[in-house]
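First comes the structure, then the notes that go with it.
The values are calculated or read from the model by the stated rules, or taken from the named source; none is laboratory data. Remember, it's a predicted structure, so these values are computed and weren't measured experimentally. Every residue, glycine as well, gets a Cβ built from its backbone with ideal geometry; the counts of neighbours run over all protein chains shown. Keep in mind that these areas ignore ligands, DNA and RNA; they rest on the heavy atoms of the full protein, side chains included. Shrake-Rupley method; radii C 1.70, N 1.55, O 1.52, S 1.80 Å.
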Amino acid sequence: MSSEDRIKICVKLIVVIALLQMLALFKIFDLRYLIAFCGIMILLLGITVMSKNFRKMVAGFLFLGTLLNLYTYQPLTSWISGINYMLNITAILVIMQLFVIPIKIGNYSGHFKYLLLQGFKNERHVYIFSSVVISMFSTFLLFGTIPVMLSLLGAPLKQIVDNYNKFMSTALTRGYAVAVMWAPGAVNILLVMNVTGVRWVDIFPVGFAVSILGLGISYCLQKKYLSKVPFNKETCLRINAAAYEIKAKQEALRKVLNIVFLVIVLIVLIFSFDVIGIGDNTSRVMLAGLLLVSIWLFTLRNEKNFKKAVDEYFDVSLVKTIDLAILYVALGIFSKALETSEVLEKILLYVTLLSDQNPMTIIPVIILSIIALAMFGLHPFVVIIILGQVLMSSSLPLDPRVIALTLLFGSMLSYMLSPFAGMVLTTAKFLNVSIYDVGVKWNGLFGIILFLIGSGIIILYQLYGV
């Protein structure tokens, strides 16, 4: 079988996984085994055509996960859970990338290009705007933020900023990470609330403050790499001239209002599904996105560029998802194997024993433990559940609200620092850059500074705020 045939089959399997994930919402049939079968097929067919670096990571995590499962005599259900563990991220990417089709048909990137040049004077202003917009979208789009933001802002930013890859990587990862410190629908917040018993209102004030602080620190660090020189007049004139061919300002503003309207509808749908009790946090985002984009695509079905945009979705957008889907299968097997083997509980128990039970030391130790385990490929979701249970059952002098904030802060830093974090992997793949550049090189200093300041804030909250 040729490489092209393998790629085509893998793309179809990814679409099938997304559809099965949607059907699983209604709990009519047990689709776990079918989803796992598709995941294994993608692994077997796609591993020979995936990039070399991703192949090495897949081999390593598969070996370690398989070894742990065999050593602890895990049943078939544990293997199936591991295979499916992170495939929901793949499903989100499949569905949210559908938004790329109408965005391309309507030339939204061209209109946003015009508005960026009209509304902002230089790279520094654009960076602030991009980071805030990405962070706000992340509160409800989750991983779907990546394809949507790249579709809206990617093309214009490529033309008006110098180091586009670094610009977009830091804006995406940091904007997403700080949002999950307070976003009510974020999966890690739901997990932390379940394990600690705290309410969202207990988390929000400090979490939101850290989020705003993170965006501020991000801008201050990036400012020296961003030009304060006004955008080139010739570039502005050339792009503005192109924009005027499409009715310029009025048309561009209409496109922005369209996006604002769609965002509002998407939020309403997500919260409506929450009230009705349909699915979990991730599946609600997928269902709302699928319904909205389906209606949008139906209204554009007669546009002349419709077929071309759909073909690009399958031939370009989904092909980029193959490597990620394979890696998510391997990472899921490894993470689930660690979770079920009880090795992690023993490690994390020693973490609490090594501290002197002083908030000044135990809080940073907990945060660093979450980051360190994420650096080895363990999903923060697993860590915060098990570590949260260990901390809540121990006699540490920490308020449950402080434990919750500590777990959230550790997972937040992991999302943008670990080369194996889903956000870093997905960003690196879509931008064709190294995962180590995204996770360590470009976010390392930011992570260290935010760790020191954020840890201090949580310690002060423990000492004087509770």
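Among TYR85, ILE403, VAL16, which residue has its Cα furthest toward the positive end of the charge dipole of the chain, with +1 on Lys/Arg Cβ and -1 on Asp/Glu Cβ?
Toward the positive end, the furthest listed residue is VAL16.
Quote to one decimal, in nm, the extra length available between PHE261 and LEU67 on full extension: 0.36 nm per residue of separation minus the C-alpha distance between them.
Working it through step by step, the gained length comes to 64.8 nm.
Using r as the Cβ-Cβ distance of ILE448 and VAL365, and R0 as 25 Å, what FRET efficiency do you calculate, to the nearest 0.05?
For R0 = 25 Å, the calculated efficiency reads 0.95.
Out of region 14-58, which chymotrypsin sites (Phe, Trp or Tyr not before Pro) are coil in DSSP terms and have no more than 15 other C-beta atoms within 10 Å?
In loop regions of region 14-58 (DSSP not H, G, I, E or B), the sparsely surrounded chymotrypsin sites (Phe, Trp or Tyr not before Pro) are PHE26, PHE29.
Taking GluC sites (Glu not before Pro) that fall in a DSSP loop and have at most 13 other Cβ atoms within 10 Å as cut points, what is the longest piece of the chain between them? Present the calculation step by step, with values, prior to reporting the outcome.
Details: sites that count: GLU245, GLU342.
Maximal segment without exposed cleavage sites: 1-244.
Can you tell me the length gained on complete extension of the stretch VAL268 to MET1, counting 0.36 nm per residue apart and subtracting the Cα distance?
Using 0.36 nm per residue and subtracting the Cα-Cα distance, I get 91.5 nm.
If packing is taken as the average count of other Cβ atoms within 10 Å, what order do 411-419, 446-454 fall into, highest mean first?
411-419, 446-454
What residue among PHE381, GLY447, THR299 has its Cα farthest toward the positive end of the dipole of the chain, where the charges are +1 on Lys, Arg and -1 on Asp, Glu, each on the Cβ?
THR299
Give me the extension gain from ASN122 to LYS52: residue separation times 0.36 nm, minus the current Cα-Cα distance, reported in nm with one decimal.
Additional length available on full extension: 21.4 nm.
So what is the orientation-averaged projected area of region 35-77, using the convex hull of its C-alpha atoms, in nm²?
Working: hull surface 13.4 nm².
Taking a quarter of the hull surface, the average projection is 3.3 nm².
With each pseudo-label sitting 7 Å past Cα toward Cβ, what's the LYS8-ILE295 distance in nm, one decimal?
3.6
At ASN194 and MET136, where each label point lies 7 Å from the Cα along Cα→Cβ, what is the point-to-point distance in nanometres?
3.1
Got a sec? Charge dipole of the chain, +1 on Cβ for Lys and Arg, -1 for Asp and Glu; which of ILE7, PRO364, GLY332 is way out at the positive end?
Of ILE7, PRO364, GLY332, it is ILE7.
List residues of region 34-66, by number, whose backbone nitrogen lies under 18 Å from a label position 7 Å along Cα→C-beta of VAL343.
57-66
When the accessible area of the chain is split by element with a 1.4 Å probe, what percent falls to carbon and sulfur?
65
So for TYR436, TYR164, what's the accessible-area order with a 1.4 Å probe, most first?
TYR436, TYR164
Under a point-charge model restricted to the Cβ atoms of Lys and Arg (+1) and Asp and Glu (-1), what is the dipole moment magnitude of the chain relative to its Cα centre, in debye to the nearest 20?
Details: 36 positive and 22 negative charges, 289 e Å.
For this selection, approximately 1380 debye.
Between PHE314 and MET375, what is the FRET efficiency for a Förster distance of 35 Å, r being their Cβ-Cβ separation, to the nearest 0.05?
0.50
Rank these residues by their accessible area, most exposed first, probe 1.4 Å: LYS166, LYS223, LYS104, LYS346. Walk me through the intermediate numbers first.
Numbers: LYS166 30, LYS223 75, LYS104 100, LYS346 130 Å².
The residues order as LYS346, LYS104, LYS223, LYS166, largest area first.
Return the loop-located trypsin sites (Lys or Arg not before Pro) in region 274-344 (DSSP other than H, G, I, E, B) with at most 11 other Cβ atoms within 10 Å of their own Cβ; answer none if there are none.
Answer by residue number: ARG301, LYS304.
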